Amino acid sequence: MRGKLIITVTLLVLALSAVYAQTGDKPAYTDSLNYNLQLIKRYISHGSKWHFTDPLAERRLAGLIDFIENEPIDTILNHFSRLRGEETTPMIVRKPQDAPDSLRVAGYIPLRMLNRQLEAIEEEVKKEYEGRPVTVPEELMQEAEENAQLIPPGEGMQLITEGIYTLPDSLKVLDAIPEEMVQSPQDFRRILRLDNDRSRLVEQMRIHYNDSVLSEVRNNRIAEYRRQLIEERANLLKSQRITTVKRNNEQVMNFHNKLVIDAVNDSIYQSIRWLTGFANLVDNTTVNLMNLTYASSPLVLSNAGKYFTRVWLKNQQNDSLSVLVQNIDRRSMQLVIEDGVTFSRFRQQAVKDFDFTTLNKPSTNLDKVSKRYQAYTPWSIGGNGNTGFTQTYLSNWKKGGKSALSILIVARGFANYSSDKVKWENSGEIRNGWINPGQEGIQKNDDKFGLTSRLGFSAGKKWYYSTEVDLESQFFYGYKYPNRDNPISGFLAPGRFLFKIGMDYKPNKDLSLFISPLTSKLVFVNDTLKIDKSNFGITPGKSSYWEPGLNTDLKFKKDLFPNVTFETKFRMFVNYLAPFKQLDVDWENLLNMQLTDHISINMMAHSIYDSKILFEKTDKEGNPVLDSQGNKVRGPKLQFKEFITVGFSYKINRRVLRAREIFPD
């Protein structure tokens, strides 16, 4: 009995050991899905000593695990397809302070430039206070005088003993008076007079010394107070400048960061659209179509191509009907009955004789039917663009000259709405030109962007009650070359905004005369740190000015010959606050000659006169003219620009058709 018990215990221990040995390598996962996932991941993880004989099998196993652990591909594709209407919402963002290229952002003021500005402020404040008398408060001066080390009365000999002053030999104090010097009363009185003279001289020395000490104390106190005022004023101006620079840099970086975020998100959305399209293209599914007899016909559902299969439909009587099945895309299919299949149906029906000659009678029921709808084109959308390019290269050219490279890009667009009573005209223009004259570096020779929108309501024959808004500025910094350190203009510096209310006369499609007696003109400079706003008539302490006035716009466009078009735009603004002194005139003339469908010649002459835009006046030798106080004299001048370009051009002109119902009279 005892032997059987020992054998039983031994077998039980061996069985438990075997079970433990088999389960030792298997993770304690109660969920079979997690167990199988971890088992596969153990052998495809990096650093494993196991290697797949087929790398493609390893990649497909990794894709299978990703499909199970993450969302299925259909869920992902459906999610991103729903995002197509929400692409204005950023998918990723970045804080402005995380932008790595702040020093390259236009308008950003780096620390080195700020330190130079702070040093300049300190120097200006020092110059301002050095030549100005400073009044020290009385209590401060009195305190300084009380703390002065003065010699009290009766102790003037201290100046002699300390060697500050020296007595004449005739008044020096003798340790002992010899008897031969005192022989008579006259000698004694003479000695007394010497003592009195010595005392008076020592007192004068003491007073002189105290006066010099007080003068030095006062001068030191004035100098200290001047330094204190300079420091306080400089610290105040520095703090204001630092605050302004911080605000400017924050605005610049916020604007720059928003542009980068929009560009990055636009790229991401484009990549997502491409990847989802690629995933839809390469992914496919095979389905098996079975009839009543369980005969299977496989069909591939894919976006990459068209696949067919034939299915024989069966009924209980084993009748067959051949059906072709074709995939439409990865999620849908189409069933078609094959040609040659006919159906016969038997049913009773009444037969009635019919006189077909009655159909030969003429019918007048449709004679009075007129058109119910009419097509019209309320919207006209179009534009044109041209690019001119010039290149000159000279090497050892005897007649002289410089190599040069220039490019000019012009783009114009419009979107106009026109009906019987309403006209809405919208236009935009962008011009940008650059030139590289020899070794002088790239220079800008044209830069403009403008937006105009005019809304008019019919007031009678050829007249419209109209209102218009205009915005005009430039994109890039402008310089007075060769100086590239101090820009004279920039983006929205200046910017001009006009709001007009008046009457628009349109006798035909070529001519428009807009007279607006109610016009609001706003000129502003966005970057007052780099741009001298006084050049545009803006007073110190402000960044803009506003003027009410009368505005007149004249536009004329005419086809002189086939493929030759002349266009002129004239605008004049008269300030109501100074009608005889302040005037703004802008006149632009353009001649376009279309040589081929995409080659054209453009000639433009542009003149501007603005009484608020000031230039430095110079004499015949080019030296600046100074007024009586030595300041440079500035005043308005006529501005003129002209260019001729030959280059590539492209035109767009599209009309949007609409239908409207015609009501009977």
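SER403 meets each of the listed conditions (1) of a type in the set (Gly, Ala, Ser); (2) closer than 21 Å to VAL646 by Cβ; (3) in the same structural domain as TYR477 (by TED's automatic domain parsing) apart from (3).
Can you tell me which residue in segment 389-411 is modelled with the highest pLDDT, limited to those that are among the polar types (S, T, N, Q) and in a strand (DSSP E or B)? Reasoning before the result, please.
Here is the first cut: in segment 389-411, the residues among the polar types (S, T, N, Q) are 390-392, 395-396, 403, 406.
Then drop every residue that is not in a strand (DSSP E or B), which leaves 390-392, 406.
Numbers: THR390: 77, GLN391: 74, THR392: 73, SER406: 84.
Across segment 389-411, the extreme among qualifying residues is SER406.
Of everything in segment 606-630, what is touching a strand residue (DSSP E or B) at 6+ places or on another chain (Cβ under 8 Å) and among the polar types (S, T, N, Q)? Give them in sequence order. Listed by number, the residues that qualify are SER607, SER611, THR618. Within segment 443-463, if we keep just the residues that are part of a strand (DSSP E or B) and over 37 Å from the mean Cα position of the chain (by Cα), the residue that is surrounded by the fewest Cβ atoms within 10 Å (Cβ to Cβ) turns out to be GLY460. Residues in segment 208-243 that are of a type in the set (Val, Ile, Thr) and surrounded by 14 or more Cβ atoms within 10 Å (Cβ to Cβ): VAL213, VAL217, ILE222, ILE230. With respect to the conditions (1) modelled with pLDDT of 90 or more; (2) in contact with a Leu (Cβ under 9 Å, 6 or more places away or on another chain), TRP434 lacks only one, and its number is (1).
Residues that are touching a Gly at 6+ places or on another chain (Cβ under 8 Å), surrounded by 18 or more Cβ atoms within 10 Å (Cβ to Cβ) and of a type outside the set (A, V, I, L, M), at least 2 per element: which strands (runs of 3 or more DSSP E) completely within segment 498-614 meet that? Of the strands (runs of 3 or more DSSP E) lying wholly inside segment 498-614, those with at least 2 residues that are touching a Gly at 6+ places or on another chain (Cβ under 8 Å), surrounded by 18 or more Cβ atoms within 10 Å (Cβ to Cβ) and of a type outside the set (A, V, I, L, M) span 511-524, 564-575, 599-610. Taking segment 155-181 as the range and being assigned to a helix (DSSP H, G or I), at pLDDT 65 or above and either within 17 Å of SER212 (Cα to Cα) or touching a helix residue (DSSP H, G or I) at 6+ places or on another chain (Cβ under 9 Å) (or both) as the test, the residues that pass are MET157, GLN158, LEU159, ILE160, SER170, LEU171. From the residues in segment 417-442 that are of a type in the set (S, T, N, Q) and not in a strand (DSSP E or B), which one is nearest to the chain's Cα centre (by Cα)? That would be GLN439. Does ALA295 satisfy the condition of being hydrophobic (A, V, I, L, M, F, W, C), at pLDDT 75 or above and touching a strand residue (DSSP E or B) at 6+ places or on another chain (Cβ under 7 Å)? Considered against the rule, which asks whether it is hydrophobic (A, V, I, L, M, F, W, C), at pLDDT 75 or above and touching a strand residue (DSSP E or B) at 6+ places or on another chain (Cβ under 7 Å), ALA295 comes out as yes.
The values are calculated or read from the model by the stated rules, or taken from the named source; none is laboratory data. Remember, it's a predicted structure, so these values are computed and weren't measured experimentally. For neighbour counting, all protein chains shown are included, and Cβ atoms are generated from backbone atoms with ideal geometry for every residue, glycine included.
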